[in-house]
Amino acid sequence: MIYTHAGPEISVASTKAFTTQIVALYLLALAIGRARKVLDAPSVRKHLEELLTVPGLIEEVLKKSSAIRRVAKRYMHFEHMLFLGRGILYPVALEGALKLKEISYVHAEGYSAGEMKHGPIALIDENFPTLVLTPQGPLYRKTLGNLEEVRARNGLLVALATTGDEEVPQRVDDVIELPACPEFLVPMVATVPLQLLAYHVADLKGTDVDQPRNLAKSVTVE
């Protein structure tokens with residue numbers, strides 16, 4: 001058993017539990033890497049030092065809450081939304097879609113960006129906005145291709161992009177900025193703006209953010 005040390009989760013829609021589970025698994029991966037001698041001590045120390053920067057990076061994201069609320073206001077009336085992420089950001093896309101469904105009752109679907117042509121692309125039009133996770137990283141160029149595919153079908157586009165990115169804003173309708181951070185820390189930081197987006201959509205629609213309908217805390221049900 002691995003404890004997340006997240007403290008009590010008050011709301012039904014767990015948020016910090018998701019983030020701390022990523023951190024716990026990251027630490028586990030470092031421990032396994034060290035035990036298997038894939039990582040040496042200096043490498044592990046470097047990763048741990050980077051990990052300690054995450055709270056500050058999340059603070060930067062939280063300061064953008066007002067900007068994220070403005071994006072939420074533009075998309076709150078849509079009935080559907082697609083979330084796309086590549087590689088280690090695919091689970092983050094799933095989390096973003098899940099939170100939007102849970103607390104704002106918008107039908108949202110998370111999908112692997114590399115698999116977009118195998119189904120979701122058929123749904124894209126001017127009434128079906130897409131949020132794409134496009135931070136700088138090894139899969140950045142391939143994800144730009146996904147943006148172009150959506151644009152070619154007149155789909156509305158929101159991008160989660162690294163602050164200072166000059167290419168993504170030219171291809172999308174709205175940008176949510178993400179502070180630059182090491183590749184393996186991006187999921188921890190990128191999750192927060194998507195959770196904030198879901199929160200603001202729900203708040204603007206007047207739904208109960210803490211007690212969504214038909215849901216209960218997982219610890220109370222089998």
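The values are calculated or read from the model by the stated rules, or taken from the named source; none is laboratory data. All values derive from a computational prediction rather than experimental measurement. Cβ: placed from backbone, ideal geometry, glycine included. Neighbour counts: every protein chain shown. To get the accessible areas, we keep the full protein, side chains included, count just its heavy atoms, and leave off ligands, DNA and RNA. Shrake-Rupley method; radii C 1.70, N 1.55, O 1.52, S 1.80 Å.
With springs only between Cα atoms under 10 Å apart, run a GNM on the chain and tell me which of Gly155, Gly33, Gly96 wobbles the most. Taking springs between Cα atoms under 10 Å, the residue moving most is Gly33.
Computed with a 1.4 Å probe over protein heavy atoms only, the accessible area of Tyr199 comes to about 90 Å².
Assigning unit charges at the beta carbon (Lys, Arg +1; Asp, Glu -1) and nothing else, what dipole magnitude in debye, to the nearest 20, does segment 111-222 show about its Cα centre? Mind showing how you got there, number by number?
Details: 9 positive and 16 negative charges, 51 e Å.
So the magnitude is around 240 debye.
Could you tell me the ratio Rg/Rh of segment 1-148? Both radii from Cα atoms, Rh via Kirkwood.
Here Rg/Rh amounts to 1.01.
Mean Kyte-Doolittle hydropathy of -0.5 or higher plus an axial Cα length of 24 Å or more: which whole DSSP H helices in the chain meet both? Once both thresholds are applied, what remains is 16-35, 186-205.
For His5 and Thr163, what is the calculated FRET efficiency with R₀ set at 35 Å and r taken between the beta-carbons, to the nearest 0.05? Intermediate results must be reported in sequence, preceding the final value.
On the way: r = 30 Å, r/R0 = 0.85.
It comes to 0.75.
Can you give the convex hull volume per residue for the Cα atoms of segment 99-156, as a whole number of Å³? Each step should come with its number before you reach the end.
Working: hull volume 5.2 nm³, N = 58.
Spread over its residues, the Cα hull of segment 99-156 gives 90 Å³ apiece.
A simple spin-label model places the labels of Arg74 and Glu59 2.9 nm from each other, with each point 7 Å out along Cα-to-Cβ.
By a 1.4 Å probe calculation restricted to protein chains, Ser66 has an accessible surface near 80 Å², given to the nearest 10. Taking a point 7 Å out from the Cα of Gln170 in the direction of its Cβ, the residues of segment 126-152 whose backbone N falls within less than 18 Å of it are 134-137, 140-152. If you take the square roots of the eigenvalues of the alpha-carbon gyration tensor of segment 41-91 and sort them as a ≥ b ≥ c, do you get rounded (a/c under 1.5), prolate (a/b over b/c) or oblate? Here segment 41-91 falls in the oblate category. Taking a straight Cα-Cα cut-off under 12 Å and skipping sequence neighbours fewer than 8 places away in the same chain, the aspartates and glutamates within cross-link reach of Lys63 are Glu177. For segment 38-119, a simple Cβ point-charge model (Lys and Arg +1, Asp and Glu -1, everything else neutral) yields a dipole of about 420 debye relative to the Cα centre.
Got a sec? What order do His107, His77 fall in by accessible area at 1.4 Å, biggest, i.e. largest, first?
Numbers: His107 90, His77 150 Å².
Descending accessible area places them as His77, His107.
Close amide H contacts of Gly155 (hydrogens built in the peptide plane, cut-off under 5 Å, sequence separation of 5 or more or a different chain): none are found. With each label modelled as a point 7 angstrom along the Cα→C-beta vector, the Lys37-Asp203 pair spans 5.3 nm.
Between Asn127 and Glu49, the distance separating the two model label sites (each 7 Å from Cα on the Cα→Cβ line) works out to 5.5 nm.
Quick one: length gained pulling Glu115 to Ala17 fully straight, 0.36 nm per residue minus the C-alpha distance? Spell out each step's value before the answer.
On the way: separation 98, 0.36 × 98 = 35.28 nm, distance 2.77 nm.
Gain on extension, Glu115 to Ala17, equals 32.5 nm.
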